[in-house]
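Peer 1: Sharing a structure here in structure tokens format.
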Amino acid sequence: VVAGSTAELGCSVLGDPTPWVQWHKEHGDLPWGRHEVDQEHTLRLYAVTPADAGTYVCTAQSPLGTATATVRLHV
């Protein structure tokens, strides 16, 4: 993405019972005050900076187990 724009990272989750979903950055924290996760589990990063580049991990967990997916963000 271009610096200053919004990045949208999707995480499609299905299951019964519905899994609990959490996003984190592999080496660092999600940008304070510049991110949100919507009801479809899409992570939005606002006003992206070069420091936001890296690997982001979506983790889905339910009583039946855990699954993870990663996405690499280039700024």
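The values are calculated or read from the model by the stated rules, or taken from the named source; none is laboratory data. Remember, it's a predicted structure, so these values are computed and weren't measured experimentally. FYI the Cβ positions are ideal-geometry reconstructions off the backbone, even for glycines, and counts take in every protein chain you see. Protein only, heavy atoms only, side chains kept; ligands, DNA and RNA dropped before computing areas. Shrake-Rupley method; radii C 1.70, N 1.55, O 1.52, S 1.80 Å.
Peer 1: Pop out the carbon and sulfur fraction of the accessible area of the chain as a percent, whole number, probe 1.4 Å. Spell out each step's value before the answer.
Peer 2: Details: 2600 of 4910 Å².
Summing carbon and sulfur atoms, their accessible area is 53 percent of the total for the chain.
Peer 1: If the viscosity is 0.692 mPa s and the temperature 37 °C, what Stokes-Einstein diffusion coefficient in µm²/s follows for the stretch 7-73 when Rh is the Kirkwood radius over Cα pairs? Present the calculation step by step, with values, prior to reporting the outcome.
Peer 2: Details: Rh = 12.4 Å.
Rounded, D is 264 µm²/s.
Peer 1: Once Lys and Arg get +1 and Asp and Glu get -1 on their Cβ, which of Val57, His27, His41 lies farthest toward the positive end of the dipole of the chain?
Peer 2: His27
Peer 1: Same structure again: So which residue, out of Gly28, Gly15, Gly54, gets the largest mean-square fluctuation from a GNM of the chain using Cα contacts under 10 Å as springs?
Peer 2: It is Gly15.
Peer 1: Ok, one more. To the nearest 20 debye, what is the magnitude of the charge dipole of the chain about its Cα centre, counting +1 on the Cβ of each Lys and Arg and -1 on the Cβ of each Asp and Glu? Walk me through the numbers on the way to the answer.
Peer 2: Values: 4 positive and 8 negative charges, 38 e Å.
Value, rounded to 20: 180 debye.
Peer 1: Next up: As an exercise, use a Förster radius of 30 Å and the Cβ-Cβ distance of Thr18 and Thr55 to find the FRET efficiency, rounded to the nearest 0.05. Display every interim value, and only then the final one.
Peer 2: Values: r = 25 Å, r/R0 = 0.85.
The computed FRET efficiency comes out at 0.75.
Peer 1: How large is the accessible surface per residue of the chain, computed with a 1.4 Å probe and reported in Å² as a whole number?
Peer 2: Value returned for the chain: 65 Å² of accessible area per residue.
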